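The values are calculated or read from the model by the stated rules, or taken from the named source; none is laboratory data. What you see is a predicted model, and the numbers here were worked out from it, not measured in a lab. Counting neighbours? That spans all protein chains shown, and the Cβs are built from the backbone with ideal geometry, glycine included.
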Amino acid sequence: MIRSLPLNVRWRLRTRALIALLFGAYLGALTGLFVIKDPAFFLQQCSELNWDQLGQYTRYANYIPGRTLAYYGTLQENFGTGVRNVGANLFGFLPFGFLLPLLNDRYRHAGRLARAAMLLSATFEVFQLLTGVGSFDVDDLLLNSAGAVLGFFALEWLSARRERAPYRAASFR
């Protein structure tokens, strides 16, 4: 069936399938890094979890935007830990902003993409809030969304550069 399609359509279908595969692998890795972190500890925490414990970790959560970032800025925490946390939250979602618009045209708008990133990040954070596997931090939501938007603008920049590139006479026929 695919062979009967024109070459440019086949190329786009294969490219989109590859992007979907990359996006799925990325989401799996992101979940592993942001939620599971240490598989043995994660499994232990989940096995010890019961319905009575759900939500008991809300007192350890940060609901105030900027509080964690200000804390890292005061250097009360190890500087490397702060940089690692901020960097992971910011750059961890950069591929989200790069791949999702390539996969689905609906997300070729920074606002829609930011909302999708916020929703995924909120899913991770609420899971951490309810289970105590990790800790809820509103700054993580903001950094994750900002990282996705940075990825989106990187894609926009690369797309604009590609369109401005001089015409090349090479042919792939």
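Can you name the residue in the range 74-89 that is part of a helix (DSSP H, G or I) and at pLDDT below 85 and is also nearest to PHE136 (Cα to Cα) among such residues? Working first, answer last.
Restricting attention to the range 74-89, the residues satisfying the condition of being part of a helix (DSSP H, G or I) are 79-89.
Okay, now just the ones that are also at pLDDT below 85, so 79-81.
Details: PHE79: 21, GLY80: 21, THR81: 17 Å.
Result: THR81.
I need the full set of residues from the range 132-163 which are surrounded by fewer than 19 Cβ atoms within 10 Å (Cβ to Cβ), part of a helix (DSSP H, G or I) and touching a residue at least 60 places away in the same chain (Cβ under 8 Å), in order please.
Residues satisfying the conditions are VAL138, LEU142, LEU150, ALA154.
State which residue is nearest to ASN85 (Cα to Cα) when the search covers only the range 54-74 and only residues that are touching a residue at least 60 places away in the same chain (Cβ under 8 Å) and among the polar types (S, T, N, Q). If you could, list the steps in order and put the result at the bottom.
Going through the range 54-74, the residues touching a residue at least 60 places away in the same chain (Cβ under 8 Å) turn out to be 54-58, 60-69.
Subsequent filtering for residues that are among the polar types (S, T, N, Q) retains 56, 58, 62, 68.
Working: GLN56: 24, THR58: 20, ASN62: 15, THR68: 10 Å.
That would be THR68.
Picking from PHE96, PHE79, PHE136, which residue would you name as being aromatic (Phe, Trp, Tyr) and touching a Gly at 6+ places or on another chain (Cβ under 8 Å)?
Going through PHE96, PHE79, PHE136 in turn, the sole match is PHE96.
Say whether the condition of being part of a helix (DSSP H, G or I) and of a type in the set (Asp, Glu) is met by at least one residue in the range 51-59.
Taking every residue of the range 51-59 in turn, none turns out to be part of a helix (DSSP H, G or I) and of a type in the set (Asp, Glu).
For the structure I just gave you, tell me whether GLY24 is modelled with pLDDT of 90 or more, exposed (fewer than 14 other Cβ atoms within 10 Å of the Cβ) and closer than 25 Å to ASP139 by Cβ.
no
List the residue pairs whose Cβ atoms are under 8 Å apart, where the first residue sits in the range 42-53 and is within 18 Å of THR31 (Cβ to Cβ), the second is not in a helix (DSSP H, G or I), and the two are 6 or more positions apart or on different chains.
Listed by first residue and then by second, the contacts come to PHE42/VAL133; GLN45/GLY132; GLN45/VAL133; CYS46/VAL133; LEU49/GLY132.
Find all pairs meeting these conditions: Cβ atoms under 8 angstrom apart; at least six residues apart or on different chains; first residue within the range 77-93 and over 19 Å from PHE124 (Cβ atoms); second residue part of a helix (DSSP H, G or I) and of a type in the set (Gly, Ala, Ser).
The qualifying pairs are GLY82/GLY73.
Identify, by number, the condition in (1) modelled with pLDDT of 80 or more; (2) within 25 Å of MET118 (Cβ to Cβ) that GLY55 doesn't meet.
The failed condition is (1).
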